[in-house]
Amino acid sequence: MRKDILRLAWPVFIGQLAVMLNGVIDTVMVGRLSANDMAAIGVGVSIYITVYIGLMGTLLGLSPIVAQHYGAGRHGEIGASFQQALWLAVALSLLGCVALAWTDPWLALAAPPPEVAELVRGYLLAVAAGLPPALFFRAFYALNTAISRPQVVMYINLVGVALKIPLNALFMYGWEDAGLPAMGGAGCGVATAVIAWLSAVLAGLWLALDQAYARFALLQRSRPDRRRMGELLRLGVPIGAAYTVEITSFTFMALFLARLGATTSASHQVAANLTGICYMGGLGLASATSTLVAQSIGAGDPERARRYALTGLRLAVWLALVTAAVLLAGRLPIAHAYTSDLEVVRASLPLIAAVAVFHFFDSMQTQFGFILRAYKIATLPMVVYVLAMWAVGLGGGWWLTFGTQPGDLAGALNGERTGALGFWVAGTVGLAAATVGLGLLTARRWRHEAGAPLAA
C-alpha cells in the first residue's frame, strides 16, 4: 500500500511545486524592476489568489466523485460528472472575471499609491483573462488525480514553469521590434494568462488524443444536470470555502503584521514561503491517499479504504517529523538563504522553529481533510476550519500580538517583543485543534461503517 500511495504522491508533489515556482519567479524578476512594481505584484497576487483559490477549490469536489465512480467501474458516470464540472467552470469563470476585472473596489480596499494602483489594475485585468482556462485546467487536474494519472498534470505544469521566465521577460521588458510595449510588473500577469491558455489547450489535446480517456466519454455534448451539479456543489462549495478560510488566514496575517514594520513583515514572508514549500510534500501524500481511499469506497471495499487511509497517515507522520527535524537543525542556513539582512535573519530564526511544529499539524490536518473528502464529507470539515483557523489561529494571533502588553505575563508574545511569533504560535494551536477535530470526524465515520449509529 505504501508503494501505491508514493507512486501517486510524487507527481502531485512535483506538479504543485512547479506551480509554486511560478510565484517565486515572479517575485525574483519583479524585484529587479522597482519598488513600485514589487508592491503592485504583492497586492495583485494577493487579490488574485483570494479569488482563484475559492473558485478552484469548488471544482475539486469532482475528485472524490470521479474516484468513487472509477473504483466502481462506472466509466460512463465519470464523463457525465466531468462535463458538469466544465459547466461549473464556465459559471465560476464569469463570477471570477467580473471580480478581478472590476478593480476599483480592490484598489479602494488596498489604497496603494496611484503609480502602484495603475500596475495593479493592469495585472488584475491580465489574470482575469487567464482565469477561465485556469479553472478548466483545475477540472482536468481533479479528473486525472481521481483516475490515478497525476503524471499528465505534472508534465503540463512543468511545461508552464519552463516558459515562465522567457514569457515574463517578454512582457515585462517588451519587444520593440515587434511593437510590444514594456508592461513592467503587470507583464507577469500577462505571462500567467498565456501559460493558463497554453495549459488548457494542452489538456484539451491530451483528452482528445490519448485513447486512455476514450472509455470515459469525456468530450460528449451535455447540458447542465441538476442532480449531478447538485452533488458537485454539495462537495465543492465547502471545499472551496475551506480553501478560502486557509488562504485568507495568511492574507490577513500579513496585513496585520505590516503595522509592525518591514523586518517583521519580511521575517513573516520567509516563514510563510517556507511553509508553502514544506506543505507540498504533505499535499502529495494527502492527494494520493484520498484517491486510493475513494476508489476503494467505490469498489465496495471499506476495509481496504481504511487501510489506505491509515497507511497514508503513517507516511505523513514520518515525512512531517523528518521535515520538522531538518527545519530545526538548519534554521540558520535556511534564514541566510532567504536574506542577507541580519535583522531579518534574527527575526526569522524563532519563526522557522515555529514553522517546524506548525508544519507537523498542517500536514496532519491535510491528511484527515482529504480522507474525509474521499468519503464525500466536506461541510463539517469546513466548520472545523473556520473555527480553528479564523477563531483560534487568526483571532488568537491578533490577541497575542496586539491585545496584550509587553510587560505582562500574557504579553510574552506581544508583537513589540517577538514580532510575528504570536501569530505563528496561535496558528499552530489552531492547526492542532483542526487535526483533532478532523481526526474525530474520521473516527466517527469509521465507527459508523463498523455498525455504530451516527449521533444526530
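Return a yes/no flag: does region 101-108 have any residue that is outside any helix (DSSP H, G or I) and either free of Cβ contacts under 8 Å to residues at least 12 places away in the same chain or more than 16 Å from the chain's Cα centre (by Cα) (or both). Scanning region 101-108 turns up at least one residue that is outside any helix (DSSP H, G or I) and either free of Cβ contacts under 8 Å to residues at least 12 places away in the same chain or more than 16 Å from the chain's Cα centre (by Cα) (or both). Residue count for region 1-47, restricted to those that are part of a loop (DSSP other than H, G, I, E, B), in contact with a helix residue (DSSP H, G or I) (Cβ under 8 Å, 6 or more places away or on another chain) and farther than 25 Å from Val153 by Cβ: 2. Suppose the filter is under 30 Å from Arg306 (Cα atoms), in contact (Cβ under 8 Å) with a residue 60 or more places away in the chain, assigned by TED's automatic domain parsing to the domain that holds Gln295 and more than 23 Å from the chain's Cα centre (by Cα); does Arg445 pass it? Answer is yes for this residue. If you go through region 1-29 and pick out every residue that is under 19 Å from Pro166 (Cβ atoms) and acidic (Asp, Glu), you end up with 1. Taking the conditions exactly as written (more than 17 Å from Leu21 (Cα to Cα) and in contact with a strand residue (DSSP E or B) (Cβ under 9 Å, 6 or more places away or on another chain)), does Gly204 satisfy them or not? It is false that Gly204 is more than 17 Å from Leu21 (Cα to Cα) and in contact with a strand residue (DSSP E or B) (Cβ under 9 Å, 6 or more places away or on another chain). The set of residues in region 285-323 being assigned to a helix (DSSP H, G or I) and acidic (Asp, Glu) consists of Glu303 alone.
The one condition from (1) assigned to a helix (DSSP H, G or I); (2) at pLDDT below 95 that Lys376 does not meet is (1). Every listed requirement among (1) in contact (Cβ under 8 Å) with a residue 60 or more places away in the chain; (2) over 22 Å from Gln16 (Cβ atoms) is met by Pro181 save one, (1). No other residue among Val12, Val28, Val66 is assigned by TED's automatic domain parsing to the domain that holds Lys164 and out of contact with any Ser or Thr (no Cβ under 8 Å at 6 or more places or on another chain) apart from Val28. Applying the set (1) assigned to a helix (DSSP H, G or I); (2) modelled with pLDDT under 90 to Leu219 leaves exactly one unmet item: (1).
The values are calculated or read from the model by the stated rules, or taken from the named source; none is laboratory data. All values reported here derive from a predicted model rather than from experimental measurement. All Cβ positions, even for glycine, are placed from backbone atoms using ideal geometry, and neighbour counts span all protein chains on display.
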